[in-house]
Structures are given as structure tokens and as C-alpha cells.
Amino acid sequence: AECLTVDPETPQKEPAPNTSKAIGAGKQSSVQHPSPDASEKCVVQLPTPFQAKLPLNNADWPLGPRHPDGETKKVPNIVHFVWGYNPVDTSFTFLNYVAVLSALHVLRPDRVMMHCLREPSGVFWELVRPFVTLVQGRDVKSVFGLTVEHYAHKADVVRLEALLDFGGIYLDIDVVTLRPFDELRDAELTLGQEGLGKTLMGLCNGVMLAAPNATFLQLWYDKYRSFSNDQRKWNYHSVTLPKELAKSHPDLVSLQPYDAFFWPLWDAEGIKLMLGSFDYKYANNKAVHVWKHGVERTAYKDFNLAWCFECHSTLVSMLRAYAPDPLFSVVVPCVQFDSSIQEMLQSVFAQKISNWEIIVVDDHSSDHCGAAAHDWAAQHLDRQQVLRLRVLVSDRRSGTAESRNLGLRTARGVWTCALDLDTRLGEDYFLAAAVAMSRHPDVQAWYSDEAGAPSSSQFRAFSLIDDLSAADGLAPVAPLILRRVWAETDGYSAALPFGGEDQDFWLKLLAAGVRQERLPGAHIKRRAARPKTGGASGATQEVKRRVEEIAMLRTRHPLLYHPTQMLRAHQELANMSDSTYERLQTWHSDGSAEERAFGTLWLAL
């Protein structure tokens with residue numbers, strides 16, 4: 001096999017990996033990244049241009065199959081992934097998401113089959129789930145009567161069985177596809193070389209193309225009759241054995257060189273070349289194996305979505321094309337245009353992550369605040385930023401809750417952020433969220449501390465069992481909530497006569513069991529509230545109004561409270577102030593059935 005004997009004069013001069021150290025050997029205090037101001041090399045295009053943005057909320061693939069009608073290939077255009085055999089992997093990561101999305105984009109398969117011992121979870125899985133066919137994977141306990149202990153060896157067996165049954169293209173769940181495989185599908189089986197020269201390991205099973213029941217695969221699978229769990233033979237059946245079979249049966253396999261799929265390598269130098277350098281250009285790579293377990297043992301173990309918006313490496317810059325766009329949808333109701341909306345918009349435009357959209361909802365304002373906001377943006381911001389600003393105009397004054405819902409119904413982002421005019425976002429709010437969602441993909445709502453606010457006024461998550469009274473605390477300011485969660489919980493409610501839609505919505509999330517976490521750091525700022533007028537009498541009325549509002553909140557979410565708390569709420573509403581009673585009589589006259597029902601309940605009490 002030609003590619004197993006590499007010509008030392010090969011024109012592809014790439015840095016050789018350092019094989020004198022184990023993966024991640026030595027101490028590295030921090031990762032040093034190239035400065036984005038030093039060069040324009042941080043902007044790197046994918047080898048296969050993005051021809052269309054995927055409709056991530058639509059199960060219909062827009063581009064259609066790559067191969068023309070009537071095309072005959074030995075290898076069917078079916079992509080296979082294996083998931084769920086490693087008990088540590090519970091959530092689908094950003095790298096897993098990119099592996100699936102790049103295969104969809106570049107290969108345009110007829111099907112993507114995910115062979116799962118258990119289904120993935122998390123926000124990144126939700127984005128690709130519509131494009132994937134789930135297949136219940138075999139729980140491999142033995143092969144040919146021999147016990148299989150390690151999850152990696154179980155996954156090795158599953159991938160061979162999948163290709164024998166269906167044929168197609170197998171990809172490890174940390175392989176990024178860069179160029180089409182069309183010409184490789186003419187051979188009955190294609191494998192790639194792992195390593196170069198003295199580092200040559202063999203033929204890796206991380207990328208394989210095979211016809212159904214390929215003869216080479218049958219020989220390979222039959223060799224599992226001698227399988228051993230001996231750690232000294234860790235990669236024998238996955239890497240060494242196929243190399244031996246290729247030497248004895250060269251006519252049954254087409255071999256690809258070291259830089260087709262598996263370069264850079266998995267050692268410390270190879271990981272640095274992938275995630276911390278612009279030296280390697282991927283001139284010959286059809287795919288690149290990112291070696292997840294190798295990355296976890298180096299200084300680059302924190303690789304995440306946020307890196308795509310910084311200046312790290314050639315590969316990471318290419319992956320920016322696969323970041324969801326928009327990632328964040330910011331919804332801003334307005335009833336009057338003034339300097340506060342300018343400052344609020346500027347805080348969004350200044351985000352270090354640019355994959356956002358702003359939806360300004362003009363709540364039937366007298367000064368056309370939505371159009372004014374767009375005109376101001378057009379005068380002060382660049383064209384690309386202005387294109388991310390949309391204006392919706394309500395035909396009647398509907399209030400904050402309904403204005404937010406109107407905007408969110410048209411939102412396209414993965415995450416939503418309801419922003420008030422008195423709130424400013426720190427420039428790294430979205431960046432911090434991108435890091436956090438990469439580390440914890442199962443979290444459905446993120447919130448931040450307020451900069452400059454005393455610790456006593458900061459929102460804190462609470463246990464509904466241990467601290468029921470804390471449900472009366474403040475809701476977080478401008479939290480990030482999955483748009484899917486907003487839709488499933490029916491959005492914000494206008495039932496409360498004094499506002500309170502933020503706290504009401506947050507209690508609704510808690511009752512639904514939505515997982516929420518606090519971001520590290522303080523990323524939210526609020527303008528100081530104007531002092532209230534009315535003296536001591538006004539302050540007393542304000543306290544009374546707040547108590548009544550809390551009582552109404554409790555009646556809307558009774559399962560969160562103890563019966564004694566509910567009784568106290570009913571007593572407060574039975575003795576509500578005249579001003580509250582009068583407001584309730586007119587508040588829901590033209591509202592929804594839900595609003596009228598709660599208004600009737602409160603008046604009856």
C-alpha cells in the first residue's frame with residue numbers, strides 16, 4: 001500500500017508532531033493566542049463555502065443531495081455517527097454539533113444515522129436533531145462470545161456493524177468535514193493513514209467509507225474472534241489490524257495519505273497546531289479529526305463556541321461559519337424614543353459576539369420610536385450591524401408583556417433576551433454565555449449579576465422545597481432563555497395589573513423544571529431609578545401595592561407555595577386597596593381569557 005511508505009521528499013512540508021512527550025506533557029499555565037490586531041489571518045474561510053445558512057428550526061434540508069440523479073457509487077451517501085457508549089458524555093457539545101453540521105453541509109448526505117445507546121441532550125443536540133435519524137445502538141457486551149469491556153471498543157464494533165449493514169460514511173463524533181468525499185465513494189472501502197514516518201500508527205477507523213458488506217470489512221470484523229481487552233493491545237483492532245489487512249489485501253481497500261483525515265495528530269504539538277496556530281493550512285484535508293480526548297489533556301481543553309469569535313487558529317476561525325446565527329435574539333419594547341434606547345442599543349452592538357439580532361417593538365408610540373431607533377442606528381453604526389436590527393409596530397398599545405411576545409414570535413435566535421430600556425449589557429455578556437453554554441449544554445436559562453449592585457439585591461436561584469419564601473425575591477434582569485422554552489411556557493403574561501411579567505415568567509420557568517444557572521461575573525447594568533414622589537404616604541402605598549402584587553403572583557403559581565403562604569395571599573387580596581380594586585375592574589376588560597379569569601378571581605377574593 002503506497003501511502004504506508006511515505007516518500008520523504010513529499011512536497012507537503014508540515015511540522016512533525018513532537019513524539020518525545022505524552023499528550024499534554026509538561027505544564028502550561030495558559031494558552032497564548034495570536035493577536036487579532038497583528039494580522040487579518042484570523043478571518044479564514046471554509047474550504048467548501050457555506051452556500052446557505054441552515055434553517056436550524058426546519059427539518060427540511062435546503063440544498064438537496066449533492067449527487068445528481070442516476071449517479072451510481074459503490075458507497076451510499078449515508079453518514080453514520082455513534083453516540084452514548086461513553087458514560088461520561090451526557091451532553092452533546094459544540095464540537096459534536098460541528099461534526100454533524102459540517103457533514104450535512106459538505107457531504108449533503110441522503111441520511112445521517114446516529115447510532116445511540118442513549119439519545120444525546122442539550123442545546124447543541126436540539127439544533128441538529130431535525131436532520132438526524134436516530135438508530136438504537138446495540139449494547140455491545142460481547143463479540144463472538146468474547147467480553148467487550150471498554151466503551152471505545154464497544155463503539156468500534158458498532159461502527160463496523162453499521163457499515164456492514166447499511167454501507168456509507170462513518171465519522172467519529174469529533175471529526176470536522178472540510179471537503180466533499182465524492183470521488184472516494186467509487187471504491188468499495190476507503191481508509192486513511194494515521195501518522196507519518198516514525199509516528200505512523202496504522203489505518204484509523206475514525207473515518208471510513210464502505211459499500212454494504214464490503215469484503216475488507218468482513219475480514220476485519222471476523223478478526224474480532226481474537227479480540228482481547230488487554231490494554232497493551234488497546235488500538236490493535238481499530239488501527240493496527242486494518243494496516244496489516246491492507247498489506248495482505250491491497251486490492252480490497254483504497255488508502256488515503258496522512259493528511260486526508262488525521263493530520264494534525266493527537267499529541268500536544270498536533271493539538272496546538274489545530275487549536276492554537278495559523279501555521280497549518282489544511283491544503284489537502286478532506287476532514288480533520290479534532291481528537292477530543294487529546295484536547296482534554298492539553299492546555300486547549302477549554303475549547304468552546306466562544307473561541308470562534310476570537311483569534312485562535314486556522315481551524316477555529318473556519319468553524320465560525322457553523323456558529324448559529326443569530327445565536328441571540330434581543331427583544332426591546334418601546335413607547336418613546338430617547339437617549340436611553342440609544343444607550344441600550346449601543347450596549348448590544350458592542351458585544352464581542354456578533355451573532356445577534358435586535359427586535360425593537362414599537363408599542364403604538366406617538367413618536368414612532370421604532371423607526372427613530374432604526375434611523376439612529378443607520379447614522380451611527382456600520383451597515384452589517386444595522387441589518388441585524390428589525391422594527392415591529394403594534395397597532396394598539398398592548399404593554400410590555402405582549403410587546404415582548406410579539407417580538408419573540410418573530411425571533412430566530414437560539415436564545416432570547418428581553419431587554420428593558422433601563423438595562424445595559426456588558427460587552428462580554430454574550431461571550432460569557434457562549435462559554436457557559438458550551439460547558440453546560442443542558443442549561444436552559446442563564447442569568448447574570450448586576451454590576452455595582454449590592455450582594456443583598458442580587459438575584460439568586462433557590463430550591464422550591466428548601467426556600468419557598470425566596471420565590472418572592474427579584475427575578476433576574478435580562479436573562480438568556482432558550483427560545484424553545486419561551487414557546488413551551490406560553491411566553492410572558494399580561495395578567496398582572498402592575499407589570500411584574502418578569503417575575504411571573506421566571507416562576508413559570510421554575511414550575512416547569514427549567515434548569516437555570518448564574519454566569520460567572522457581573523454583565524448587567526441598570527440605570528438608577530428615578531426617586532418616587534409622594535413622601536411617606538406614597539412609600540406606604542408602594543409597599544402595599546408590592547404586597548398585593550406578590551399575593552397575585554402566588555395565586556398564579558400555587559404549586560410553588562405552602563398552603564399557609566397561599567392563605568396569607570388570599571387574605572391580602574381580600575383586603576386590597578381601593579386603587580388596586582379599581583385598576584382590576586378596568587385592567588382586563590379586553591384581555592385574554594386567562595387574564596380575565598385571574599382578574600375575576602382577584603376581585604372575588
- Item | So V140, is it assigned to a loop (DSSP other than H, G, I, E, B), touching a residue at least 12 places away in the same chain (Cβ under 8 Å), open to solvent by less than 10 Å² (accessible area, probe 1.4 Å) and out of contact with any strand residue (DSSP E or B) (no Cβ under 9 Å at 6 or more places or on another chain) | yes
- Note on the structure: Of the residues in segment 85-129, those that are within 18 Å of H293 (Cβ to Cβ), of a type in the set (A, V, I, L, M, F, W, C) and in a helix (DSSP H, G or I) come to F94, L95, V98, A99
- Within segment 143-189, track down each residue that is part of a loop (DSSP other than H, G, I, E, B), in contact with a Phe, Trp or Tyr (Cβ under 9 Å, 6 or more places away or on another chain) and more than 29 Å from M318 (Cβ to Cβ). F144, V148, H150, E188
- Query: Give me the pairs: first residue in segment 343-355 and farther than 13 Å from R388 by Cβ, second residue open to solvent by 10 Å² or more (accessible area, probe 1.4 Å) and assigned to a helix (DSSP H, G or I), beta-carbon distance under 7 Å, and six or more apart or on different chains, which are they?
  - Reply: K352/F309; K352/L431
- Only one of R159, R111 is charged (D, E, K, R) and surrounded by fewer than 16 Cβ atoms within 10 Å (Cβ to Cβ); which? R111
- Query: helices (runs of 4 or more DSSP H) wholly in segment 226-315 with at least 2 residues that are more than 29 Å from L431 (Cβ to Cβ) and not basic (K, R) - which ones?
  - Reply: 241-248, 258-261
- Conditions (1) part of a loop (DSSP other than H, G, I, E, B); (2) surrounded by fewer than 22 Cβ atoms within 10 Å (Cβ to Cβ): number failed by I341: (1)
- Item | Residue list for segment 79-98, filter: among the hydroxyl-bearing types (S, T, Y) and surrounded by fewer than 22 Cβ atoms within 10 Å (Cβ to Cβ) | T90, S91
- Taking the options R129, R108, name whichever one is farther than 28 Å from H153 by Cα, modelled with pLDDT of 90 or more and not aliphatic (A, V, I, L, M). R108
- Item | Among (1) among the small types (G, A, S); (2) in a helix (DSSP H, G or I); (3) open to solvent by 10 Å² or more (accessible area, probe 1.4 Å), the one test that S365 misses | (2)
- Message: Contact list please: Cβ distance under 6 Å, first residue in segment 85-97 and touching a residue at least 60 places away in the same chain (Cβ under 8 Å), second residue open to solvent by 20 Å² or more (accessible area, probe 1.4 Å), pairs at least six apart or on different chains.
- Response: Y85/L117; Y85/Y151; Y85/K154; N86/Y151; S91/S121; S91/D442; N96/I173
- Scanning for something in contact (Cβ under 8 Å) with a residue 40 or more places away in the chain, open to solvent by 40 Å² or more (accessible area, probe 1.4 Å), at negative phi and in a loop (DSSP other than H, G, I, E, B), does segment 204-223 turn up at least one residue? yes
- Task: Kindly indicate which of D165, D156, D172 is without any contact (Cβ under 8 Å) to a residue 60 or more places away in the chain and not hydroxyl-bearing (S, T, Y).
- Result: D165
- With the condition kept exactly as written, say whether any residue in segment 407-418 is in a helix (DSSP H, G or I), within 30 Å of E119 (Cα to Cα), open to solvent by less than 20 Å² (accessible area, probe 1.4 Å) and at pLDDT 85 or above. yes
- May I ask you to list the residues in segment 557-605 that are closer than 25 Å to R397 by Cα and part of a loop (DSSP other than H, G, I, E, B)? H588, S589, D590, G591, S592
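The values are calculated or read from the model by the stated rules, or taken from the named source; none is laboratory data. Note that the structure is a prediction, hence the values are computed from the model and not measured. Heads up, the Cβs are rebuilt from the backbone with ideal geometry, glycines too, and the neighbour counts pull from every protein chain shown. The area values use the complete protein model at the heavy-atom level, side chains included, leaving out ligands, DNA and RNA. Shrake-Rupley method; radii C 1.70, N 1.55, O 1.52, S 1.80 Å.
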